[in-house]
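Structure first, then comments.
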Amino acid sequence: MNTARILFFLILIFSSVLNAKTINVVIQGMVDQPNINEFGKGAFHFIRRAQAKGEKVYFGSPMKYRFADDKVNFQYIKKNKDVKKLLQAVRKDLKDGDQVNIFINGHGFSTDNEREPENTGLVLSGDKLTHDKLGDMIWDQIPFFTSVKMIAPYCFSGGIRASIWTDCAQACVMFLAMSILLIISLAYMGGIGN
């Protein structure tokens, strides 16, 4: 009886993973003229690879690039509120278990104090999007059981490093806790054979 319950929950979990979809978001910050092609290439390749896989793409930028065709959900972003609107649009297409890849591209700014990595961020044309603000927007707008991957190749120099180590430590603790929970649950139920 208990084995049937475990199998039922495992089938339920795996079926939700198989039905999950991936949505890609490009947040393009302010780019100066000498670097416009370099930053544009990064966004272009990210978008085209997602489209080749049949995945939906949202693209927010202070200016529209030629490659942002009708298949891309384009939105102008100049201030933090525009990034929030972009994430709200993404949320409408999400359900629990889906995955979101966020590609952040553009010039960033660093903090004077390395102990405050949350104050680094992305320069928008009319605002500064800090690492902390972006995290809050993702937390508020993306459903809880959604996997989020963030790729920030240029912008969050210094700040993202501290965040990655924190996230890595949290992932290790969560994995350990889930392993202990599995062992205790199996022991409580009388083992795998019961």
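The values are calculated or read from the model by the stated rules, or taken from the named source; none is laboratory data. Just so it is clear, the model here is predicted, and its values are computed rather than measured. Glycine gets a Cβ as well: all are built from the backbone with ideal geometry, and neighbour counts include every protein chain shown. Note: areas computed on protein heavy atoms with side chains; ligands, DNA, RNA excluded. Shrake-Rupley method; radii C 1.70, N 1.55, O 1.52, S 1.80 Å.
Which FRET efficiency value, to the nearest 0.05, is calculated for MET174 and SER125 with the Förster distance at 30 angstrom and r the Cβ-Cβ distance?
The value I calculate is 0.20.
How do MET178, MET30 stack up against each other in accessible area, from largest to smallest, with a 1.4 angstrom probe?
Result, largest first: MET178, MET30.
How large is ³J(HN,Hα) for each residue in the range 172-182, as worked out from phi by the Karplus curve 6.51 cos²θ - 1.76 cosθ + 1.60 (θ = phi - 60°), to whole Hz, x for Gly and Pro?
Using θ = phi - 60°, the values come out as 5, 5, 5, 4, 4, 5, 5, 5, 5, 4, 4 Hz.
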